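The values are calculated or read from the model by the stated rules, or taken from the named source; none is laboratory data. This one's a predicted model, so the numbers in the text were calculated from it and none came from an experiment. Cβ placement follows ideal geometry from the backbone for every residue including glycine, while neighbour counts extend to all protein chains displayed. Note: accessible area is taken over every heavy atom of the protein model, side chains too, but ligands, DNA and RNA are not part of it. Shrake-Rupley method; radii C 1.70, N 1.55, O 1.52, S 1.80 Å.
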Amino acid sequence: MATLLRSKLSNVATSVSNKSQAKMSGMFARMGFQAATDEEAVGFAHCDDLDMEHRQGLQMDILKSDSGEEGAEPPLEGDIHYQRDGTGPLPPSASKEGGVCSELSGQGKPKITAWEAGWNVTNAIQGMFVLGLPYAILHGGYLGLFLIIFAAVVCCYTGKILIACLYEENEDGEIVRVRDSYVDIANACCAPRFPTLGGRIVNVAQIIELVMTCILYVVVSGNLMYNSFPNLPVSQKSWSIIATAVLLPCAFLKNLKAVSKFSLLCTLAHFVINILVIAYCLSRARDWAWDKVKFYIDVKKFPISIGIIVFSYTSQIFLPSLEGNMQNPKEFHCMMNWTHIAACILKGLFALVAYLTWADETKEVITDNLPSTIRAVVNIFLVAKALLSYPLPFFAAVEVLERSLFQDGNRAFFPNCYGGDGRLKSWGLTLRCALVVFTLLMAIYVPHFALLMGLTGSLTGAGLCFLLPSLFHLKLLWRKLLWHHVFFDVAIFVIGGICSVSGFIHSLEGLIEAFRTNAED
């Protein structure tokens, strides 16, 4: 009798704990925590990967309630752990077409308003990488300002057409959502001959962008600390090693619950830093060098500026999931309009004002131009933000790699990196540590923030934001498109392709030269 009573009390406590986690996760989602540091294009691919804790908490409640129904089979020990990967039992209310994503987009998951969705998009395109935009104006002049506006318009448009690719008409002529993610759209475009090719291409692009984002965080941390304390006998490479030592525990992350608690504070701190930089620049308005803003461009370095600008607008990878989680998806277009208009204005003003203040002395990271009295304080806050933001893209990259290579059922290339009890195997942990070390090695041998940012923007940024959305839109909906939509899609694909190739070549040349220089030293 006593054993039975203890068992019941234990079950009740577990149920209350799971429901409490679900409510807390929902609260964080509503407050904007779920994507607060998506500024580095940390996407919600694969049915909202970065909203993992929120979905897992709700799904655990669903599984536990379903397992108690009469005639239902109890889930296996590892099912709840792998529910995020779609290998656990589906709830009865989940449709065959939508699967887990359909269930999670339904009434069980708290929806977000257009303002909350706009907050997520704003964080995605107004992140700390705007600190490199004044350097883009240095090599592009007024054309760089035009590109900031042009990129905002194009990214807003491609975000809308990407969402349009999620919908199709059913037999009754109604527009219904038949896809849930960027990967689903890519796979649909390559079906039936290559049903998984498109998804693998998107996954590769996403992994490259996420890993490069991690590298940029290590680079910017070493750069900022070195320029904040130039009198210390510590090189930039040494600062990068110290930063990586702090980040090494990221390899042991099981979820993002602890990290997500700091995301909103990091974002708010970044906005404060931007305001401080602008305030300092305005205080020197009398000395602004308007004559330094050129109408001509540096042919060799301007393509790198294109990649920097494009990278600062990357958000397409998580838009499908964000739109699916909105209370009123019809407000998505309006939300995209005002977020990108605000981003365009703020980025343009920030880049121009900062460049006018320092002109030809503008550095790759604009805070390095600040006086030493305030530079150290501002840079320390930025380093703290970079270190706290690192786990998000790292964890997302690990999720995609594990899902694609180790947990893809019979299609997996390697054995499962998790044991039967849901714990990460030792060799899987070793691979995670190796990924952290890889980001350090790249940061040491190529410690150039602008070059890495330009390369990433030209390669994956232009591909995910310009090329693929326009191509998918033409492929899936070309019969229903008006002529001006076809024209826009083709123009964006051509212009984006030219800018991508040009920026990639020049950025790669700069990186190779920098790599040789560092190797000789």
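Here are a few things to note about the model shown:
- Here the simple spin-label model places points 7 Å from the Cα toward Cβ, and for S283 and K330 these points are separated by 5.0 nm.
- Cα gyration tensor shape for the range 421-479, rounded if a/c is under 1.5, else prolate or oblate: oblate
- Label-point gap, in nm, between W115 and L248 - each point 7 angstrom along Cα→Cβ: 4.5
- A straight chain from A434 to L405 at 0.36 nm per residue would run longer than the Cα-Cα distance by 8.9 nm.
- Extending 7 Å from Cα along the Cβ direction at A514 and again at A491 yields two label points whose distance is 3.4 nm.
- Surface listing: Y142, Y280, Y445 arranged by accessible area from highest to lowest gives Y445, Y142, Y280, probe 1.4 Å.
- Subset of K111/K385; K254/K425; K300/K347; K237/K301; K160/K347 violating a 18 Å alpha-carbon distance limit: K111/K385; K300/K347; K237/K301; K160/K347
- Between the amide H of M326 and those of I112, distances stay under 5 Å, these residues lying 5 or more places away or on another chain, with hydrogens modeled in the peptide plane.
- Rounded Å value of the spacing that divides the Cα centres of the range 366-402 and the range 333-361: 20
- Förster-model FRET efficiency, 45 Å R0, F194 and I374, C-beta, rounded to 0.05: 0.25
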